[in-house]
Amino acid sequence: MHFTRIDHAARVSAIRSLLSAGDLGVDALLFTDLVDVRWLTGFTGSNGWVVMRPDRAVLGTDTRYGERAAAETDCSGVEIVAIQHRGDLHRALVDAAGTGTVGLDARSTTHAQWKQLAVDVSLASVNSIVATAREVKGVAEIERIEAASAAADAALQEVEPLLFGTLDSPLTEADVRDELEYRMRRHGADDRSYETIVAAGPDHAARPHHEVGRRTIVEGDTVVIDVGALVEGYHSDMTRSYVIGEPTAQQRDIYELVQVSQIAGLAALHPGVTATAVDGACRDVFVEAGYADWYLHGTGHGVGLQIHESPFHSQASNDVIQAGNVVTVEPGLYRGGFGGFRIEDLAVVTPDGHRVLTHHPKRPFSTSFSN
């Protein structure tokens with residue numbers, strides 16, 4: 001796969017320009033959240049920080065990652081400081097930060113770490129401008145998310161027939177998960193996006209985030225499969241739901257209700273709408289049908305370098321949807337003794353609406369599969 005290059009140098013330059021103009025109210029910025037560090041510089045190691053000043057950008061890490069950091073941040077305009085001992089690395093951070101006020105998002109560090117830094121650095125609590133910038137994806141990022149979505153689509157396309165063949169060749173939840181994760185990698189994924197969910201039966205499928213077990217999938221089960229792939233750090237997210245064998249009238253009715261809800265949520269998704277309104281479009285369908293208490297979670301979330309990031313579609317959200325957001329719409333209904341259904345698609349918000357990135361068909365019943 002060949003993707004558009006992500007221009008980390010432009011990201012670094014933009015923040016340095018804001019600091020030079022005095023627009024941020026601090027003399028420097030410190031980034032300790034590794035997702036922010038990756039978005040800003042391209043560095044993917046498990047230990048690192050970035051100090052940004054108008055005249056300098058420094059990435060600090062330990063010596064395990066020195067060569068890797070240099071390669072991943074090449075041409076980004078970031079200086080690399082790789083030091084083996086923690087105390088020396090701390091002193092390098094203090095030196096890079098300088099004597100002015102340094103902005104740090106308090107949510108990205110612990111209280112103990114903040115106190116330790118504050119001994120040597122004049123800290124001010126600021127919201128991470130990188131975390132905010134990450135919400136709107138560029139072309140290069142969307143390409144990677146689309147590739148991750150395609151890998152998950154292809155894997156489920158291959159595994160779905162096995163699911164409907166379970167009456168003749170019994171499978172466990174773990175069997176389905178393992179096949180999906182293996183096949184996603186075969187279709188270009190670097191890894192799974194998250195713990196793949198295969199939830200089967202009247203109890204497991206009633207848990208929105210069930211942990212896969214060794215339960216055998218049997219006739220009559222509702223089955224929820226939540227699957228995503230990871231490509232160059234970018235995630236995808238998709239859920240499809242099924243009934244094994246001939247569905248009951250109740251299973252048909254509740255699946256149809258979830259489908260109507262998801263269609264309503266996608267129809268509401270466009271720039272300028274509140275995330276609460278997207279949630280409400282889905283939730284209202286369930287309320288009107290008398291199933292409000294079967295809906296156990298929010299309607300969706302942003303996806304990018306994290307599987308769950310802003311904006312969040314929920315009743316309590318203050319987010320407003322923007323063009324360039326990549327978000328899920330994923331209503332579901334769950335009840336112990338019945339099981340559950342969830343339908344989830346991933347979509348990029350466009351200037352005039354949205355474009356769905358997950359394309360695997362919604363075929364909940366063996367009859368729809370055979371057609």
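Within the range 86-118, the set of residues being touching a helix residue (DSSP H, G or I) at 6+ places or on another chain (Cβ under 9 Å) and not small (Gly, Ala, Ser) comprises His90, Leu93, Val94, Val102, Leu104, Asp105, Arg107, Thr109, Trp114, Gln116, Leu117.
Checking each residue in the range 163-216 for being surrounded by 20 or more Cβ atoms within 10 Å (Cβ to Cβ) and either farther than 21 Å from Arg363 by Cα or not assigned by TED's automatic domain parsing to the domain that holds His360 (or both) picks out Ala189, Arg192, Ser193, His210.
Take the conditions (1) out of contact with any Ser or Thr (no Cβ under 8 Å at 6 or more places or on another chain); (2) in a helix (DSSP H, G or I); (3) within 21 Å of Pro311 (Cβ to Cβ); Ala140 misses just one of them, which is (1).
Exactly one residue out of Val58, Val50 is outside any loop (DSSP other than H, G, I, E, B), among the β-branched types (Val, Ile, Thr), farther than 30 Å from Asn325 by Cβ and free of Cβ contacts under 8 Å to residues at least 60 places away in the same chain, and it is Val58.
Residue-wise test of (1) within 18 Å of Gly265 (Cβ to Cβ); (2) among the β-branched types (Val, Ile, Thr); (3) modelled with pLDDT of 95 or more.
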| position | (1), (2), (3) |
| --- | --- |
| Val320 | yes, yes, yes |
| Val329 | yes, yes, yes |
| His354 | yes, no, yes |
| Leu357 | yes, no, yes |
| Thr367 | no, yes, no |
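Any idea which of Leu269, Leu230 is within 22 Å of Glu135 (Cα to Cα), at pLDDT 95 or above and in a strand (DSSP E or B)?
Details: Leu269 fails: in a strand (DSSP E or B).
Among Leu269, Leu230, only Leu230 is within 22 Å of Glu135 (Cα to Cα), at pLDDT 95 or above and in a strand (DSSP E or B).
State whether one or more residues within the range 274-293 are in contact (Cβ under 8 Å) with a residue 40 or more places away in the chain and in contact with an Asp or Glu (Cβ under 6 Å, 6 or more places away or on another chain). Let's see the steps before the verdict.
Restricting attention to the range 274-293, the residues satisfying the condition of being in contact (Cβ under 8 Å) with a residue 40 or more places away in the chain are 274-276, 278, 282-283, 285-286, 291.
This time we only want the ones that are in contact with an Asp or Glu (Cβ under 6 Å, 6 or more places away or on another chain), so: 275.
Checked against the condition, which is being in contact (Cβ under 8 Å) with a residue 40 or more places away in the chain and in contact with an Asp or Glu (Cβ under 6 Å, 6 or more places away or on another chain), the range 274-293 yields at least one hit.
Only one of Asp120, Asp88 is surrounded by fewer than 18 Cβ atoms within 10 Å (Cβ to Cβ), over 21 Å from Ser46 (Cα atoms) and either assigned by TED's automatic domain parsing to the domain that holds Glu309 or acidic (Asp, Glu) (or both); which?
Working: Asp88 fails: over 21 Å from Ser46 (Cα atoms).
One residue alone meets the criteria, Asp120.
The values are calculated or read from the model by the stated rules, or taken from the named source; none is laboratory data. Just so it is clear, the structure is predicted and the values come from calculations on it, not from any experiment. All Cβ positions, even for glycine, are placed from backbone atoms using ideal geometry, and neighbour counts span all protein chains on display.
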